[in-house]
Amino acid sequence: MNTGPQNDWFEKDFYKTLGVSADATDAEIKKAYRKLARKYHPDQNPGDAKAEEKFKEVGQAQQVLADPDTREQYDQVRQMGRGARFSAGSGGSGGGGGGFEDVFSGLFNTGGGPAGGARYRTGGDVPPDLSDLLGGFGGGFGGGGSPYGGSPYGGGFSTGPTKGGDYTASTNLSFTEAVSGASVKLTLPGGVPLTVRTPVGVKDGQKVRLKGKGKSSPNGGEPGDLILTVNVKPHPLFTRDGDNLRLELPVSFAEAALGAEVSVPTLDGQPVRVKIPAGTPSGRVLRVRGKGVAAKKATGDLLVTVEIAVPKDLPQEAQEAVAAYREATAGIDPREGLDDRARKA
């Protein structure tokens, strides 16, 4: 007969492990366990072997005391075994091994006696159900990244198979690749190659989740995900404004004053002709529909901001022409009323 678990029950005071009295209520046991499980959980104490061992001890105590039948069996064993210790041998003086072996045969269905009322089969350091405790906390500690146990209690703890942990990676895309979508080649841990197609219109800093491409589950659950962070390089001409693109368009004074039709570049490389109305001031925004970022519902627009370009050096004839224009418009004050509006503000 394997007496390891029985000795374990005799030698360990599960009430003391949880810091509760022997007549503690189920609610008190539950509260004490949750507090200690959070304190010693390996996710909270990475690399701390003592904390991990304490976590396992707390889990074992909870698993035994949380179930009314198991707790009753544990209390009976503790009561009968006060001052005694099990040994692996059979027989012996003083009525030692044999009588206790019969008791455990009934409690655990080890094959040495009647199995009435049996709940667990022995054969490990703890009853088999305790393996669930070391299988996976789910929501209680931030999701499926942890390889450690579950709990029969609700309220943030999950039971059953746990989702595997996530991988994280990053990639750099050109502005055009981000708008149009691109194929990215990655290498997962272990040298596994993976080709990923980024979404059309992905933004700088956006995180793309690829389901099922993360770590394997430690206990038969679904694999984790790959979280890909996209870094987008700036474009020398275009900027993003949601699904719209913005462009600053230099125009001459004559084009803005008299009106013109000019060529405007687009991100796809196919220029479009845009009409500049006569009298267009610097800063006015002209809209070119359908030349922005393709989205699920619609494609954005290209927003063209007119910027009147002032040349630094003018040839003599141009200077004379500008001087003549100044004289011809001497009676026009572009700042008329500006002082009055300033005083009224």
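We did not get these values from a lab; they are worked out from the coordinates using the rules stated. No experiment lies behind these values; they were computed from the predicted model shown. Here the Cβ is made from the backbone with ideal geometry for all residues, glycine too, and neighbour counts use every protein chain on show.
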Next on the checklist: Show log10 I(q)/I(0) for the stretch 239-328 at q = 0.21 Å⁻¹, two decimals, from a solvent-free Debye sum over equal Cα scatterers.
Outcome noted: -1.00
Next on the checklist: Assuming 0.36 nm per residue, please report the length gained on full extension of the stretch Thr299 to Arg78 beyond their Cα-Cα distance.
Outcome noted: 72.2 nm
Checklist entry - Which shape class, rounded, prolate or oblate, goes with the stretch 280-340 when its Cα gyration tensor gives a ≥ b ≥ c as root eigenvalues, a/c under 1.5 marks rounded, and past that a/b bigger than b/c marks prolate? => result oblate
Item to check | Linear extension gain, Asn172 paired with Lys185, 0.36 nm per residue minus alpha-carbon span | outcome: 3.6 nm
Checklist outcome for this item: So Arg273 and Asp23, fully extended at 0.36 nm per residue minus their Cα-Cα distance, gain in nm 81.4 nm
Item to check | Percent of Cα pairs exceeding the 15 Å cut-off, where the set is the stretch 199-260 | outcome: 69
Checklist entry - Order of Lys12, Lys233 from fewest to most other C-beta atoms within 10 Å? => result Lys233, Lys12
Item to check | Distance (nanometres) between label positions extended 7 Å along Cα→Cβ at Ala318 and Ala51 | outcome: 7.0
Item to check | Candidate lysines for bridging to Lys296, where Cα separation is under 29 Å - those fewer than 8 sequence places away on the same chain excluded | outcome: Lys185, Lys203, Lys207, Lys211, Lys213, Lys233
